[in-house]
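*Asks:* Just dropping this structure here.
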């Protein structure tokens, strides 16, 4: 029996489905809690998109060499760092307003920031691209700086539209978004590789995937279907949520740097080949984790923001239960990496990628901690505890980037640097868990006393 979930649960007027659930299957799905239905909707699309991306890697590692993957690693890190600044962190404010009109004002203000950041990135290219590329050990980055600026605009727009769909609980649209992203990214990278486009084809897939994903966001309740808020409303929204660009944006940048800067440090101190090996490790291991983790994050933000608007007091329990479930789900894959990662990587991706499996083995505890705790980290943003998040982000950046940097400058082997990175990430995410629990419990106590 072929089953396709209907969207009637998510929109006021149900739309016809290509296939209709009948009998016992329909009854069972209808009885699922709303949060589980949201997770399943997102996971269904993510399974297609991320599944295609992951399945493409054994082919991509035979179409592109480790040095080209090293350029991709540096490229995506630079785009990611600039991209998170491009929104001024206003995407985090989108789920908060009670009225959709005010939320639309926030989102349009964020899109304005994205456009300005893209133009500034392109304008600074002639001055910064060459020196930065040499510093990071990838001179070819300067030749594709135009693609960096374009990808920043695509990424910033993608982030803002995603949060709008999270606010309106359009989990089905988010699932389609995830599927289209994977199809666009994997398909373009394979096509360019077969055509002999070289590293440019590998880099282009990053933006193409996210550009294709925007097709899944033009739903009936999407941002582009909302009335234009007007200049005064946008300015008023910026004043109301000014702490996001003033405090949350630096926090978001530092938080992103905690993930991306270690890759840049490895590229600068150990070379682009090692950066390519580590970059593949990050993508292969984090891809399946993101399949579930992103879905849980979106539903956690959607449900928690709705409960906060209704002044309910259950966020503390939600944080604990989500982390507990994710730990139980992630422990088995982490053990597989610890025991078999080098042999698996060499067999799946080719002998020259066996060293990447050694990195995966050392990073397994860090990925387990990230998988379990990262999905509830938006609790600090929802509760407007931007200062605590900023402090945590600085702490993680110092540990995650400083440790490998000291190892590289001291001449330590790359495996030592990766081990230090893993320990830094585990320590950081454990601290994040306690910060979220404390903030959520305080919010629950305050809400219960009203």
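The values are calculated or read from the model by the stated rules, or taken from the named source; none is laboratory data. Computed from a prediction, not measured in an experiment: that's the story for all the values here. Neighbour counts run over all protein chains shown; Cβ positions are idealised from the backbone, glycine included.
*Asks:* Got at least one residue in the range 399-406 being assigned by TED's automatic domain parsing to the domain that holds residue 314, surrounded by fewer than 16 Cβ atoms within 10 Å (Cβ to Cβ), over 18 Å from residue 256 (Cα atoms) and at pLDDT 95 or above?
*Replies:* Among the residues of the range 399-406, at least one is assigned by TED's automatic domain parsing to the domain that holds residue 314, surrounded by fewer than 16 Cβ atoms within 10 Å (Cβ to Cβ), over 18 Å from residue 256 (Cα atoms) and at pLDDT 95 or above, which makes the answer yes.
*Asks:* Could you figure out which of (1) over 27 Å from residue 180 (Cβ atoms); (2) at pLDDT 80 or above isn't true of residue 285?
*Replies:* Condition (1) is where residue 285 drops out.
*Asks:* Considering 344, 380, 389, which residue is closer than 19 Å to residue 54 by Cα and touching a helix residue (DSSP H, G or I) at 6+ places or on another chain (Cβ under 8 Å)?
*Replies:* Testing whether each residue is closer than 19 Å to residue 54 by Cα and touching a helix residue (DSSP H, G or I) at 6+ places or on another chain (Cβ under 8 Å) leaves just 344.
*Asks:* Farther than 25 Å from residue 89 by Cα, part of a helix (DSSP H, G or I) and modelled with pLDDT of 80 or more: is that true of residue 142 in this structure?
*Replies:* Against the criterion (farther than 25 Å from residue 89 by Cα, part of a helix (DSSP H, G or I) and modelled with pLDDT of 80 or more), residue 142 qualifies.
*Asks:* Could you check the range 390-444 and list, in sequence order, the residues that are farther than 22 Å from residue 279 by Cα and outside any helix (DSSP H, G or I)?
*Replies:* The one that is farther than 22 Å from residue 279 by Cα and outside any helix (DSSP H, G or I): 410.
*Asks:* Follow-up. In the set 151, 86, 105, which member is touching a helix residue (DSSP H, G or I) at 6+ places or on another chain (Cβ under 7 Å), surrounded by 24 or more Cβ atoms within 10 Å (Cβ to Cβ) and more than 24 Å from residue 262 (Cβ to Cβ)?
*Replies:* Exactly one residue qualifies, and that residue is 105.
*Asks:* Would you confirm whether or not the range 122-140 contains a residue that is crowded, with 16+ Cβ neighbours inside 10 Å, closer than 30 Å to residue 301 by Cα, over 17 Å from the mean Cα position of the chain (by Cα) and without any contact (Cβ under 8 Å) to a residue 60 or more places away in the chain?
*Replies:* No.
*Asks:* A further question on this structure: Among (1) modelled with pLDDT under 85; (2) under 25 Å from residue 133 (Cα atoms), which single condition is residue 266 missing?
*Replies:* Just one mismatch for residue 266, condition (1).
*Asks:* Tell me which of these residue 409 doesn't satisfy, since it passes every other one: (1) touching a residue at least 24 places away in the same chain (Cβ under 8 Å); (2) more than 12 Å from residue 269 (Cβ to Cβ).
*Replies:* The failed condition is (2).
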